[in-house]
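Worksheet: one structure, shown below.
The values are calculated or read from the model by the stated rules, or taken from the named source; none is laboratory data. Treat the numbers as computed from the prediction; the structure is a model and nothing was measured. Cβ atoms come from the backbone with ideal geometry, glycine included; neighbour counts cover every protein chain shown. The protein model used for the area step is the full one, side chains on, heavy atoms only, and it has no ligands, DNA or RNA in it. Shrake-Rupley method; radii C 1.70, N 1.55, O 1.52, S 1.80 Å.
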Amino acid sequence: MGLLTEGSPLSWEETKALAEHVRQHGIEQFINLYRKLRDRTGDVLKWGDEVEYIIVKFDDENERATVSLRADDILPKLQEKERADPQNVKSLWRPEYGAYMIEGTPGKPYGGLLAHFNIVEANMQYRRAEASMLLNSGEVIMSITNFPRLGCPNFTSPPYKPNPKKGVTLSHYFPDEAIFPGHPRFKTLTSNIRKRRGEKVAINLPIFRDVNTKIPVDNSHILEPGVAQPDCVYMDAMGFGMGCCCLQLTFQACCITEARTLYDQLAPLCPIMLALSAASPIYRGFLTDVDCRWNVIAASVDCRTKEERGLEALKTNKFHIHKSRYDSIDSYLSPDHEKYNDIPIVHDPAIYRRLREGGIDHPLALHVAHLFIRDTVSLFTEKVNQDDQNDTDHFENIQSTNWQTMRFKPPPPNSSIGWRVEFRPCEAQLTDFENAAYVCFVVLLTRVILSYRLNFVMPISKVDENMQRAQRRGACATQRFWWRRDVGAPSDVATLATDLQDNYIEMTVDEIVNGKDGVFPGLIPLIESYLSGMDVDADTHCSVQQYLKLIQRRASNEISTMATWMRDFVTSHPQYKKDSIVTEKINYDLLKTAHGIQTGKIPAPTLLGSSNVSKTNEDIPKAFSKMMSKDCP
């Protein structure tokens, strides 16, 4: 969720008055940090994952499933080991937006050994078991992207009613009590985003039209005339987006140049991984015509005013801003890739000039000046006045509330941590096996990119196109995505038009991941080529092969994405009336079945295939000691 500053939150009026103060000091902090650390080199590869979980409560007697608002009870207990011995814990736990959500990460980052791939899933299993020990009867931890009936009547335990006339959300569907209460950041962000925007956020998702689907979908268009669209599932609160779960990855690079390279090369992969990890087709109890959370979150934190959205002429605001502060990136960072920044990059010219005066090159200055068109939407009394030579909280205040597909992360001041990039598009998967597979796949791709000096970069407008295609129903199986044909060729001096004509074609996820004869070798064949030259122990080799097999099968549509599996479950349920409605009973059966799959008690060949068992092991020395000739199952 970004920067979790402790302290007393300022009111929106006070925060707004200090917006320029935060911006100017944030820029000075970044310049000072850059000057100190731009020449830092020699950091080793470290990486880690973040998995977000929902606490689900099953009422078996009444066949109902709700979200349990117990994160504030559970988190302090989960954090006890970290407080007692921060250097030797196996897991770290942090709050998330929902009072029903928690976020877990490994206690320490993984490193450059291939054997580390074999401990990812074991650590995920440990985290899930650790949290599960603190649950009450009927409660389970699930790594699902979205609770299907979030926003339906009495979707929380204990139940609360939303209040559209009072509180921070003013929602017709999402009560304030569903926001995590243990840190003031979350309610402050909710209130300030709404106040800055000048009205509630508005999320309209097209309904999945079945034979008995009713239009208007419900009475939302009466409650919010002119805002709620009759043929859409309407949602009106930050919680509908930030209350979703995801799977994220952070990589430490050896230097700033490598970090910028990774940022650029992974950006075109974001839409592909979004489609491949699609896991959220149901919102507010309705089947929608999308498979992913991305645009839902983008709209849920869209604090742009009508002027900034281009609905009114600019009078009190400076810029027309094309996207929400949660969206895909707008520019590449490496000088070699400037020519691919083919969409206008809205930025603050004065901030850009100051960054250039501070010694920062054009593409990086443009990136930061673009982030800093945003106002701070959460400020704490204790953090107003800072030492710009040694603090970075003002920079991080704005940096961490630009939630984009990729995030470029400078080292914290006075820290052993290096330059990092964060990979943010993936949806949370149901099982630890799946989450580990997606993590290892992306990490291996970073190694392949850097080792083979591959070039995935394409015009940023094509990446934007791909992001929208990735969210469509069945995108993994049916959509085509722009992709670079010759990833082995470095950028040359050809014009962009020629480059596009010669080097970019539309391919399916299957063709991008598994290859297309005579056109593109495929991401997994590239990974396998890389691995063939590496010395890897037998257990790790077997686990990685199982993970790659899952990715291959998902990409080829041999097995389903979670979104397709959920959609098929609902539409084939005996109580489904072909009306796009996911009832209490359908929701209960769906989540009960999903939990059975998660625990291994229910087979799921259409989701996982027949072989989905790795040889994950939390002990690296044991992994090395195995006989190299040991056969894979």
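Hey, does the stretch 269-284 have a residue that's touching a Leu at 6+ places or on another chain (Cβ under 8 Å), open to solvent by less than 10 Å² (accessible area, probe 1.4 Å) and more than 18 Å from Gly239 (Cα to Cα)? Lay out the reasoning, then the answer.
Initially, the stretch 269-284 is screened for residues touching a Leu at 6+ places or on another chain (Cβ under 8 Å), giving 269, 277, 279, 281, 283-284.
Next, only the ones that are open to solvent by less than 10 Å² (accessible area, probe 1.4 Å) stay: 269, 277, 279, 281, 283.
The next check asks that each one be more than 18 Å from Gly239 (Cα to Cα); those that pass are 269, 277.
Yes, some residue in the stretch 269-284 is touching a Leu at 6+ places or on another chain (Cβ under 8 Å), open to solvent by less than 10 Å² (accessible area, probe 1.4 Å) and more than 18 Å from Gly239 (Cα to Cα).
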**Fill in**
Over the stretch 526-556, the set of residues open to solvent by less than 50 Å² (accessible area, probe 1.4 Å) and more than 16 Å from Ser611 (Cβ to Cβ) is Leu526, Ile527, Tyr530, Leu531, Val536, Asp537, Ala538, Thr540, Ala555
**Message:** Only one of Thr305, Thr316 is assigned to a loop (DSSP other than H, G, I, E, B), β-branched (Val, Ile, Thr), open to solvent by 10 Å² or more (accessible area, probe 1.4 Å) and free of Cβ contacts under 8 Å to residues at least 24 places away in the same chain. Can you tell me which?
**Reply:** Thr316
**Members of the stretch 113-127 that are open to solvent by less than 50 Å² (accessible area, probe 1.4 Å), among the polar types (S, T, N, Q) and out of contact with any strand residue (DSSP E or B) (no Cβ under 6 Å at 6 or more places or on another chain)** = Asn118
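Condition test on Leu189, is it touching a Ser or Thr at 6+ places or on another chain (Cβ under 6 Å) and of a type outside the set (Asp, Glu)?
yes
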**Message:** Give all pairs with beta carbons closer than 7 Å in which a residue from the stretch 120-137 that is closer than 14 Å to Ile54 by Cα and part of a helix (DSSP H, G or I) meets a residue that is acidic (Asp, Glu) and modelled with pLDDT of 95 or more; count only pairs at least 6 apart in sequence or on separate chains.
**Reply:** Arg128/Asp432
**Request:** Please verify whether the stretch 232-249 includes one or more residues that are in contact with a Pro (Cβ under 6 Å, 6 or more places away or on another chain) and not basic (Lys, Arg).
**Result:** yes
**Asked** Using beta carbons and a limit of 8 Å, which pairs, at least six apart or on different chains, have the first residue in the stretch 519-544 and closer than 21 Å to Glu618 by Cβ and the second one of a type in the set (S, T, N, Q) and buried (at least 20 other Cβ atoms within 10 Å of the Cβ)?
**Response** Asp537/Asn118; Asp539/Asn118; Thr540/Asn118; Cys542/Ser614; Ser543/Asn118; Ser543/Ser614; Ser543/Thr616; Val544/Asn118
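Among the residues of the stretch 471-486, write down those that are open to solvent by 30 Å² or more (accessible area, probe 1.4 Å) and among the aromatic types (Phe, Trp, Tyr).
Answer for the stretch 471-486, where residues must be open to solvent by 30 Å² or more (accessible area, probe 1.4 Å) and among the aromatic types (Phe, Trp, Tyr): just Trp482.
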**Prompt:** Hey, Ile417 hits all of (1) closer than 30 Å to Gly609 by Cβ; (2) more than 16 Å from the chain's Cα centre (by Cα) but one; which does it fall short on?
**Reply:** (1)
**Request:** Scan the stretch 168-177 residue by residue and report those that are touching a residue at least 24 places away in the same chain (Cβ under 8 Å) and either assigned to a loop (DSSP other than H, G, I, E, B) or buried (at least 21 other Cβ atoms within 10 Å of the Cβ) (or both).
**Result:** Val168, Thr169, Leu170, Ser171, His172, Tyr173, Phe174
**Request:** Identify all residues within the stretch 65-112 that are in a loop (DSSP other than H, G, I, E, B), in contact (Cβ under 8 Å) with a residue 24 or more places away in the chain, touching a Lys or Arg at 6+ places or on another chain (Cβ under 7 Å) and buried (at least 17 other Cβ atoms within 10 Å of the Cβ); write none if there are none.
**Result:** Gly107, Pro109
**Message:** Criterion first (within 27 Å of Arg447 (Cα to Cα), open to solvent by 10 Å² or more (accessible area, probe 1.4 Å) and not hydrophobic (A, V, I, L, M, F, W, C)) does Thr261 satisfy it?
**Reply:** yes
**Message:** Is it the case, given these coordinates, that Lys165 is open to solvent by 10 Å² or more (accessible area, probe 1.4 Å), touching a helix residue (DSSP H, G or I) at 6+ places or on another chain (Cβ under 9 Å) and not hydrophobic (A, V, I, L, M, F, W, C)?
**Reply:** no
**Asked** So which of His394, His367 ends up being closer than 24 Å to Cys270 by Cα and either within 25 Å of the chain's Cα centre (by Cα) or not in a loop (DSSP other than H, G, I, E, B) (or both)?
**Response** His367
**Prompt:** Can you name the condition, by its number, that Val301 falls short on among (1) among the aliphatic types (A, V, I, L, M); (2) under 25 Å from Pro459 (Cα atoms); (3) out of contact with any Asp or Glu (no Cβ under 7 Å at 6 or more places or on another chain)?
**Reply:** (2)
**Request:** Check off (1) more than 24 Å from Phe155 (Cβ to Cβ); (2) within 27 Å of the chain's Cα centre (by Cα); (3) aliphatic (A, V, I, L, M) for Ala538 and give me the number that stays unchecked.
**Result:** (2)
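Is it fair to say Leu10 is among the aliphatic types (A, V, I, L, M), within 24 Å of the chain's Cα centre (by Cα) and open to solvent by 20 Å² or more (accessible area, probe 1.4 Å)?
So Leu10 does not fit the description; no.
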**Message:** Condition first: small (Gly, Ala, Ser) and more than 19 Å from the chain's Cα centre (by Cα). Now tell me which residues in the stretch 420-474 satisfy that.
**Reply:** Ser451, Ser461, Gly474
**Message:** Among the residues of the stretch 44-62, are any touching a Cys at 6+ places or on another chain (Cβ under 8 Å), surrounded by fewer than 15 Cβ atoms within 10 Å (Cβ to Cβ) and of a type outside the set (Lys, Arg)?
**Reply:** yes
**Prompt:** Of everything in the stretch 376-391 that's more than 14 Å from Ile193 (Cβ to Cβ) and part of a loop (DSSP other than H, G, I, E, B), which residue is most open to solvent (accessible area, probe 1.4 Å)?
**Reply:** Asn385
**Request:** Check off (1) assigned to a loop (DSSP other than H, G, I, E, B); (2) modelled with pLDDT of 95 or more for Ala436 and give me the number that stays unchecked.
**Result:** (1)
**Prompt:** Out of all the residues in the stretch 285-300, which are in contact with a Leu (Cβ under 8 Å, 6 or more places away or on another chain) and open to solvent by less than 10 Å² (accessible area, probe 1.4 Å)?
**Reply:** Thr288, Cys292, Trp294, Val296
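If you check Leu430 against the conditions, is it crowded, with 21+ Cβ neighbours inside 10 Å, at pLDDT 95 or above and touching a Ser or Thr at 6+ places or on another chain (Cβ under 7 Å)?
Details: crowded, with 21+ Cβ neighbours inside 10 Å: yes; at pLDDT 95 or above: yes; touching a Ser or Thr at 6+ places or on another chain (Cβ under 7 Å): yes.
It is true that Leu430 is crowded, with 21+ Cβ neighbours inside 10 Å, at pLDDT 95 or above and touching a Ser or Thr at 6+ places or on another chain (Cβ under 7 Å).
What strands (runs of 3 or more DSSP E), lying completely within the stretch 180-253, carry at least 3 residues that are open to solvent by less than 40 Å² (accessible area, probe 1.4 Å) and of a type in the set (A, V, I, L, M, F, W, C)?
On the way: elements: 203-206, 232-235, 247-252.
Here the list reads 232-235, 247-252.
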**Request:** Looking only at the stretch 439-470, count how many residues are open to solvent by 10 Å² or more (accessible area, probe 1.4 Å) and not in a helix (DSSP H, G or I).
**Result:** 2
